Amino acid sequence: MSGVPALESLLVIALASCALPCQAQGSGYWTDAWRGWHFYERPEEPGELEAPAPRPVARPASAAAASAVPDRASVTRPTRAPELLEFERLQKALEELRQIAIVQPSEVNVRRYMTLESQVVARASAFADVARRVAWMQPELDPSLQGRPVNALALEVYDQQQARSRSRAVAALARDHVLLFFFRSDCPYCHAMAPVLAAFAGQHGLRVEAVSVDGGALPQYPQPRADNGIARALQVSQVPALYLAQPGAGRITPIGFGVLSQAQLLERLGSLAEGPPGTSASVAPLRSDLTTTAALPGPTWGIKP
């Protein structure tokens, strides 16, 4: 029986020599008794080992600065003028007081609103006074010097200049234009319009072709032309009617209907004859942007240039 202890000793030594490599290769299976007893545990594969963490790639300093988010506290907002802040404060306070006074129209609320409103109106009046003084010293900023004047004396001079300029323009039209005057012998307005038109045409050298719609005559135009269909072609539905015709170009432009004064005739004909600013009235073409023109063949008129 002496061989039995020796055999047991050899078995213990063999087990100890086998356990040492297993402990070195395994994951602590023989030592972590807290997990309990397991019959078999799969050894870790080489690919299951944790991969080394990737090394950070160095970025250029310019890219890092561009991607950096600025701190909100470090961002400086543009400062606004204190006058703007004061204006907004007044505007907001005035609106709030107005709404309160509308919803609850007590004496206190209305008085508060009217007090602040009077202060705002006073500031606006001060602004208007300063603006008026600035305009007096700067002619290019004075609205009373732009276009039609507002002063009575200056307005009279302006009207005289306009009348002379338009008279020259109408005289230039007389070279190749004719006035077509449509009337009816039993129309009282036509009888009132005829002497005004005759005096205006004689003053500016315009030729008038009177066209009788009913075949009758007027004292100023005892031998009018009979309507040969031109009134229907122009859709003349009301008399007296006045048109400006250019026989050489085959163009007819309406001037007006009803009784017109000489001032109105001069204004309308002058406006049609005036060209763009800076253009001489003697060479300015008829302004097509202010007219509605009906083109008819010359033989239809029966009027020679």
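The values are calculated or read from the model by the stated rules, or taken from the named source; none is laboratory data. Since the model is a prediction, treat every value here as computed from it, not as a measurement. Here the Cβ positions follow ideal geometry from the backbone for every residue, glycine too, while neighbour counts run over all protein chains shown. Calculation scope for accessible area: heavy atoms of the full protein, side chains included, ligands and nucleic acids excluded. Shrake-Rupley method; radii C 1.70, N 1.55, O 1.52, S 1.80 Å.
Things to note:
- Cα-based equivalent ellipsoid of the stretch 175-278: semi-axis lengths in Å, sorted from largest, via gyration tensor: 22, 16, 12
- Applying 0.36 nm per residue to the separation of R123 and R207 and subtracting their alpha-carbon distance, the gain on full extension is 24.1 nm.
- Chain lengthening between K92 and S271 when straightened (0.36 nm per residue, less Cα-Cα): 59.5 nm
- Placing dummy labels 7 Å off each Cα toward the beta-carbon, the span from R80 to Q99 is 1.8 nm.
- Extended-chain gain in nm, criterion 0.36 nm per residue less alpha-carbon gap, L141 and A249: 34.4 nm
- Label-point gap, in nm, between Y158 and E107 - each point 7 angstrom along Cα→Cβ: 5.1
- Per residue, the accessible area of the stretch 142-259 comes to 51 Å² when a 1.4 Å probe rolls over the protein heavy atoms.
- Calculated FRET efficiency for the pair D214/S261, C-beta based, R₀ 22 Å, to 0.05: 0.30
- Expressed as a whole percent, the accessible surface of the stretch 126-212 that belongs to carbon and sulfur atoms is 58, based on a 1.4 Å probe.
- Label-to-label distance, nm, for residues given as S237 and D176 (7 Å Cα→Cβ offset): 3.4
- Y113 accessible area, 1.4 Å probe, all protein chains in place, Å² to nearest 10: 40
- Part-to-part distance (alpha-carbon centres) for the stretch 165-207 and the stretch 123-163, which is given in Å: 36
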